[in-house]
Every structure is written in C-alpha cells, then in structure tokens.
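Participant: I'd like to ask you about the structure that follows.
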Amino acid sequence: MSPFFPHISLNFHPSESHLSKEKLLEIARTYMEKIGFGKQPYLVYQHHDAGHPHIHLVSIKVRPEGSRIDMNNIGRNQSEQARKAIEKEFGLVSAEAQKKQEQYRLTPVSAPKVMYGKSQTKMAIQNVLEAVLNQYRYSSLPELNAVLKQYNVMAERGGENSRVYQHNGLLYRILNADGIPIGIPIKASTFYNQPTLKFLEEKFKENEAKRMPHKSRVKNAIDIFLTGKRVTLQDLIKALEKQGIHVALRQNDTGLIYGITYVDRQTKCVFNGSVLGKQYSAKAIQQHCQQKTVPEQKLPPHSVQEPTGLQPQATAFDAETKAHPNTLLITAPFKEIENLLDNLMQPEYGSDYLPYQLKMKRKKRRRKNLNNNQ
C-alpha cells in the first residue's frame, strides 16, 4: 500500500452479480464515509477479472490542509464495522455466513472449459482456479494439473533454466482441444486470489492428510473392474468415469505413458497412481491390461493346450513360439521350465545311447588294436 494512496477492494458474493453500477457507487460512497474518507477524493473501479463481483477504491490519506489520516488498524476497526453495517443496509450476503457455507459445504465445480479466443483469458482462468483450488485435495503440481486440464487450463513452472523457475514463479496457460498450450502465459501473482507456487505448496501439505481416508474408494473401484476380466486401458478409463473417477494419463512426445493420476470427483480427492500402491501405477496398470488382452493363439494339433486359468506373462519364449508355429508350447511355472531345460542340456550316459552298429564297430576296432599291440 502506498503511503499516500490507499487501495481498498470490496468483494461481493457471486450471487450478487446483478448489482448495478449505481448501486455499487452508492455502496462505495457509504463505505468511504464510514471509514473516515468521505471528504477525500477517491476513484472507484469495477473489475471483471474474477468469478465474483468486486470494486476497487483508491484514495489519498492526506487532507487538503496537509494533515495525515491515521490508518493504523483501519481494516480491523473502521472497515470491519462499515462492512457489517453495509451488509444489513443493502441486504448483502454476510461475509461470516459465506465463510460458514464454504467450510461445511463443498459446492460442485461448475466452471466451464476455457476456450481460447472465445472467452477473456484471465477472467476465464480465474473462474476455474476459484472453482478448483479450494475444493480439490491435491498434493503436487501434476495432481493439480490433472484437475485443471479438464477445464483446458494448466499450471507450469517453465524450464529449469528459465527465470520463472529459478525464482520459484508459476504460470497459468490455456490449452487447446488437443491439450497443447496456446496463447501468452499469465503470472500467478497477477491473479486476484494469488495462486502462486508458495500458496500451492501450503495446499500440498494441507491436503496430504485430508485425502488419505478416501484412497479406498478409488482402489476398490479399480480392483472390482479388473478382477477376472479381459480389459483394455480404455475400458478401465470408461468404467471409472462412470464411477465419477477421471483418469489422467501423462505421456511424453512419443506417446509413451509414464504416469497416471486418478481424480475422484465425488470426494474431490486426487491421487497419483503410485500413492495408491504399486499395482495402481502406470506401469502396473498397463502390464495388467496388456496381459489380459493378448489375443488367444490357435495352437497346432500336436501342441500342448494351456491349462485353464493359467496365464503366464508374455516373454521372449512366447515371441519365438509365434515366429515358429510348429514349436511345442509348454505351459508351466518358470522354475519348472528352468529345471526342465537343465535336464535337457545334460549329456546322455545310457548304454543304448549309440546305435547297435556303431557299438559293434567300436568293439572290433578295440580288438584289432589289442592284436597289434601283441
């Protein structure tokens, strides 16, 4: 706050967006009088860069004769009393009631997707942030982005060598229909509610414990669908979506999936796969789905049929079998196969290992050698 130009913001409930300019000016005039600035010159600005109506008041705290208006504790004393009086006089939603409502009730996220070129960028992102940041329980930036990307918004720190990253800054961007960032990124510090990296890191710690009781719902939903079924990854994603659980996949430029995040819209909790357990990580889920969806191969008539219920993992041995369809397919636990191969590699010592004719020739050669030695 400038020592000469105090800046004050009056914020209203989202349901009070119907307030006219005349009514806002009347509220501003009443407020300035009650805090002792009624005779001071001031400016009133109405902004539309947030999800709720609000106005900004800028004045000067030096009187015409040169004396200074004391602003010590003005926010806690004069301003607080003025706010309560104005709420009653103009029939506005009380700040205390609003805080209680936010504390005991989780309102559903109703922010629309941000469309680049069709909505005011900063205001649209602000609306999404207000709907997401305080409702969802996330503990990392990727988990937060798993929610934000559903509304075509993402938060990023920039490259490791960038000035934003080195100064612990944060940027918010709009995504197109393909999930690619477009437009000019906006600094977190320029938004009304200050959704900076420092703010988010405090949220990460706060949300870590709050989301733990809700892990079992996501795990159970995954386990129930995967047990005893042949499914693809897309089948799992669609099934969880019906349960109110959004699956966000993290992929590199080549399309390789290296991460998976589950967003539970019902409990408003977000979990990276590894947080739920190894079997819910991106690697494990992909392996499970691939194993379950390997098409059945028709075996040659002389091949040994795989026992019912036995589903060994695909190995190099399977690939070799597919390359040579006449190869005998053996299905057994890996340890048994290993023992069998060891036995096959042992040399034969049986007496009937050589054909009879070769044995006779060897005996004749021995006799001949003995006669020569004599």
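Participant: Could you grab me the full set of residues in the range 256-277 that are closer than 13 Å to GLU208 by Cα, open to solvent by 30 Å² or more (accessible area, probe 1.4 Å) and part of a strand (DSSP E or B)?
Facilitator: ASN272
Participant: When only residues in the range 211-234 that are of a type in the set (Lys, Arg) and under 16 Å from ARG265 (Cβ atoms) count, which is least open to solvent (accessible area, probe 1.4 Å)?
Facilitator: ARG211
Participant: Then there is this: Does GLN150 meet the test of being of a type in the set (S, T, N, Q), closer than 21 Å to LYS203 by Cα, modelled with pLDDT of 90 or more and not in a loop (DSSP other than H, G, I, E, B)? It would help to see each step written out before you state the result.
Facilitator: Numbers: of a type in the set (S, T, N, Q): yes; closer than 21 Å to LYS203 by Cα: yes; modelled with pLDDT of 90 or more: yes; not in a loop (DSSP other than H, G, I, E, B): yes.
Against the criterion (of a type in the set (S, T, N, Q), closer than 21 Å to LYS203 by Cα, modelled with pLDDT of 90 or more and not in a loop (DSSP other than H, G, I, E, B)), GLN150 qualifies.
Participant: Which is over 15 Å from the mean Cα position of the chain (by Cα), basic (Lys, Arg) and surrounded by 13 or more Cβ atoms within 10 Å (Cβ to Cβ), of LYS149, LYS122? Before you say what the answer is, go through the steps one by one.
Facilitator: Details: LYS149 fails: over 15 Å from the mean Cα position of the chain (by Cα).
Checking each option against the conditions leaves just LYS122.
Participant: Collect the residues in the range 62-85 that are closer than 18 Å to GLN40 by Cβ and part of a helix (DSSP H, G or I), keeping them in residue-number order. Talk me through it step by step, then tell me what you get.
Facilitator: Step one: of the range 62-85, the residues closer than 18 Å to GLN40 by Cβ are 62-72, 74-75, 77-79, 82.
Answer for the range 62-85, where residues must be closer than 18 Å to GLN40 by Cβ and part of a helix (DSSP H, G or I): GLY75, ASN77, GLN78, SER79, ALA82.
Each row is one residue, and each column tells you yes or no for (1) touching a helix residue (DSSP H, G or I) at 6+ places or on another chain (Cβ under 8 Å); (2) of a type outside the set (Lys, Arg); (3) open to solvent by 60 Å² or more (accessible area, probe 1.4 Å); (4) farther than 16 Å from ARG265 by Cβ.
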site: TYR136; (1), (2), (3), (4): yes, yes, no, no
site: SER139; (1), (2), (3), (4): yes, yes, no, yes
site: VAL153; (1), (2), (3), (4): yes, yes, no, yes
site: SER162; (1), (2), (3), (4): no, yes, no, yes
site: LEU170; (1), (2), (3), (4): yes, yes, no, yes
site: ILE182; (1), (2), (3), (4): no, yes, no, yes
site: ILE186; (1), (2), (3), (4): yes, yes, no, yes
site: THR190; (1), (2), (3), (4): yes, yes, yes, yes
site: ASN193; (1), (2), (3), (4): yes, yes, no, yes
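Participant: Just for the range 18-73: of the residues that are among the acidic types (Asp, Glu) and closer than 17 Å to ILE86 by Cβ, which one is surrounded by the most Cβ atoms within 10 Å (Cβ to Cβ)? Before you say what the answer is, go through the steps one by one.
Facilitator: Step one: filter the range 18-73 for residues among the acidic types (Asp, Glu), giving 22, 26, 33, 49, 65, 70.
Filter once more, keeping what is closer than 17 Å to ILE86 by Cβ: 22, 26, 33.
Working: GLU22: 8, GLU26: 15, GLU33: 12.
In this case the residue turns out to be GLU26.
The values are calculated or read from the model by the stated rules, or taken from the named source; none is laboratory data. Model, not experiment: these values are computed from the prediction. Quick reminder, even Gly has a Cβ in these numbers, built from the backbone with ideal geometry, and neighbours come from all protein chains shown. Quick note on the areas: whole protein, heavy atoms, side chains included, nothing else; ligands and nucleic acids left out. Shrake-Rupley method; radii C 1.70, N 1.55, O 1.52, S 1.80 Å.
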